[in-house]
Every structure is written in structure tokens, then in C-alpha cells.
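Before any comments, here is the structure.
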Amino acid sequence: QVQLVESGGGLVQAGGSLRLSCTNSRSIFGINAMAWYRQAPGKQRELVALITNLGSTNYLDAVKGRFTISRDNANDTVYLQMNSLKPEDTAVYYCNIRTPSLVYWGQGTQVTVSS
């Protein structure tokens, strides 16, 4: 059974940086995209960044220029480098991996940005 595990979350002051990582317990065949979502208290889960198997990326407008998504294809690992963090970035961040027929989610990692 595939299990995604996020790491790298924590408490940081505004303006600081964090790097999230997502690894999986076994190889996933046919990945076509990897992504990061986040969910703040009382809000819906939203797509933060996505990277396709061709390397194309897409970002939430609020994080453009501050966050960078990258992937290690050999290890099915996806990263999210978060710079210039703001209090409004506070949320639980979830890793997401997609194949044509399946979607996998991690358990989430808390990111808290203090002002």
C-alpha cells in the first residue's frame, strides 16, 4: 500500500523559509503530476503548486515568486521550497500524487508562520 509522508513543516517567523518534502513508501507507476495543497482552519483545501511529469509547474497566485515546487523522478519525491513566508501561509500542507486512475494523499504537515 502506498503511503505518502510529508516532512519539513514547523513554526517560523514571517519572512522565513521552510522546505517541505514528500516521500512515498513504494514506487508509484504512471505518475503524471505531483502537487502540494494546503488547508487553513475554517477554509477549503486549495492547490498551492503542481508539477507535471514533463516539468511544467503551476502556482497559486498568492505564492507565486515565493514558493518553488520540484521533484526527484528517480525517487518519486516532491519538494516545496517556501520563502518569504507570511502569516497567511499558515495551514496544514498536504502532498498529492496523481496517476491517470488514482490519487494519493499524505497525512499533512503543519506550517505555522508567526508575525
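Does residue 61 satisfy the condition of being of a type in the set (D, E, K, R) and open to solvent by 70 Å² or more (accessible area, probe 1.4 Å)?
yes
Within region 16-34, does at least one residue satisfy the condition of being outside any loop (DSSP other than H, G, I, E, B) and over 16 Å from residue 79 (Cα atoms)?
There is no residue in region 16-34 that is outside any loop (DSSP other than H, G, I, E, B) and over 16 Å from residue 79 (Cα atoms).
Using beta carbons and a limit of 9 Å, which pairs, at least six apart or on different chains, have the first residue in region 87-105 and part of a strand (DSSP E or B) and the second one of a type in the set (Asp, Glu)?
Listed by first residue and then by second, the contacts come to 91/46; 93/6; 94/6; 95/6; 97/76.
Restricting the search to region 76-86, which residues are outside any strand (DSSP E or B) and in contact with a Ser or Thr (Cβ under 7 Å, 6 or more places away or on another chain)?
Those that are outside any strand (DSSP E or B) and in contact with a Ser or Thr (Cβ under 7 Å, 6 or more places away or on another chain): 76, 83, 85.
Identify, by number, the condition in (1) of a type in the set (A, V, I, L, M, F, W, C); (2) surrounded by fewer than 18 Cβ atoms within 10 Å (Cβ to Cβ); (3) out of contact with any Asp or Glu (no Cβ under 9 Å at 6 or more places or on another chain) that residue 40 doesn't meet.
It fails just one condition, (3).
Which pairs turn up if I take residues in region 11-27 that are modelled with pLDDT under 95 and look for partners that are part of a loop (DSSP other than H, G, I, E, B) and open to solvent by 60 Å² or more (accessible area, probe 1.4 Å) with beta carbon separation below 7 Å, at least 6 apart in sequence or on another chain?
24/3; 25/3
Might you check whether a residue that is out of contact with any strand residue (DSSP E or B) (no Cβ under 7 Å at 6 or more places or on another chain) and exposed (fewer than 12 other Cβ atoms within 10 Å of the Cβ) occurs anywhere in region 94-102?
yes
The values are calculated or read from the model by the stated rules, or taken from the named source; none is laboratory data. Since this is a predicted model, take the numbers as computed values, not measurements. Neighbour counts are summed over all protein chains in view; Cβ atoms, including those assigned to glycine, are modelled from backbone coordinates with ideal geometry. Heads up: the accessible areas ignore ligands, DNA and RNA and are worked out on the full protein's heavy atoms, side chains in. Shrake-Rupley method; radii C 1.70, N 1.55, O 1.52, S 1.80 Å.
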